[in-house]
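Participant: Next up is a structure, given as structure tokens.
The values are calculated or read from the model by the stated rules, or taken from the named source; none is laboratory data. Here the structure is a predicted model, which is why all the values come from computation and not from measurement. Accessible surface areas use protein heavy atoms only, side chains included; no ligands, DNA or RNA. Shrake-Rupley method; radii C 1.70, N 1.55, O 1.52, S 1.80 Å.
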Amino acid sequence: QVQLVESGGGLVQAGGSLRLSCAGSGHTLKTYAMGWFRQAPGQERDFVAAITWSGDALYYADSVKGRFTISRDNAKNTVYLQMNSLKPEDTAVYYCAADVMSSRIRRGTAVYWGQGTQVTVSS
């Protein structure tokens with residue numbers, strides 16, 4: 001069983017930056033693909049970014065390409081999402097996900113999910 005805990009959310013002005021962290025416990029994450037999703041009020045949960053277990057492949061939603069960067073530190077059992085040039089439309093609860101298959105991450109059908117961290121971008 002994998003437990004995921006997100007942190008690093010908060011309130012930031014448009015154009016600012018935040019770095020989200022997702023810490024895993026209960027099992028090493030180094031054999032899992034990892035991803036980030038977000039859900040704004042009244043909307044569905046959307047894919048943001050994903051990284052394979054080895055880190056050799058990265059995937060991004062078009063809306064965040066060039067602004068967000070996903071990375072992982074397997075020694076720390078942690079995955080990160082660096083968010084730059086934030087926009088008000090990035091406001092959402094951000095969720096971390098883990099699965100042995102990166103394809104399930106990208107489809108949003110990952111087995112393990114965190115509880116989410118709120119990101120609010122003011123204009």
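Participant: Grab the Cα-Cα distance for Asp46 and Arg19, subtract it from 0.36 nm times how many residues apart they are, and report the gain in nm with one decimal.
Facilitator: 7.9 nm
Participant: Roughly how many Å² is the accessible area per residue of region 1-88, as a whole number, for a 1.4 Å probe?
Facilitator: 51
Participant: I'd like the carbon and sulfur percentage of the solvent accessible area for the chain, probe radius 1.4 Å, heavy atoms only, ligands and nucleic acids excluded. Could you put the intermediate results ahead of the total?
Facilitator: Working: 2910 of 6100 Å².
Result for the chain: 48 percent of the exposed heavy-atom area is carbon or sulfur.
Participant: Expressed as a whole number of Å, what is the distance separating the alpha-carbon centroids of region 80-123 and region 57-75?
Facilitator: Their Cα centres are 10 Å away from one another.
Participant: For region 37-53, in order, what is each residue's ³J(HN,Hα) by Karplus, 6.51 cos²θ - 1.76 cosθ + 1.60 with θ = phi - 60°, in whole Hz (x at glycine and Pro)?
Facilitator: Residue by residue, region 37-53 yields 10, 9, 9, 8, x, x, 10, 6, 6, 10, 5, 10, 7, 8, 9, 6, 4 Hz.
Participant: If you don't mind, another one. Can you return the lysines within cross-link range of Lys65? Criterion is Cα-Cα under 17 Å, with same-chain partners fewer than 8 residues away left out.
Facilitator: Lys65 reaches Lys87.
Participant: Right, next: In deg cm²/dmol and to the nearest 500, what is the mean residue ellipticity at 222 nm of the chain if only DSSP H runs of at least 4 residues count, each as -39500 (n - 2.57), divided by the residue total? Please list the in-between numbers first.
Facilitator: Numbers: 1 runs with 6 residues, N = 123.
The helix-only estimate for the chain comes to -1000 deg cm²/dmol at 222 nm.
Participant: Considering only DSSP beta bridges whose two residues both sit in the chain, what percent are antiparallel, to the nearest 5? Before the final figure, lay out each step's value.
Facilitator: Numbers: 38 of 42 bridges.
Antiparallel bridges make up about 90 percent of those DSSP assigns within the chain.
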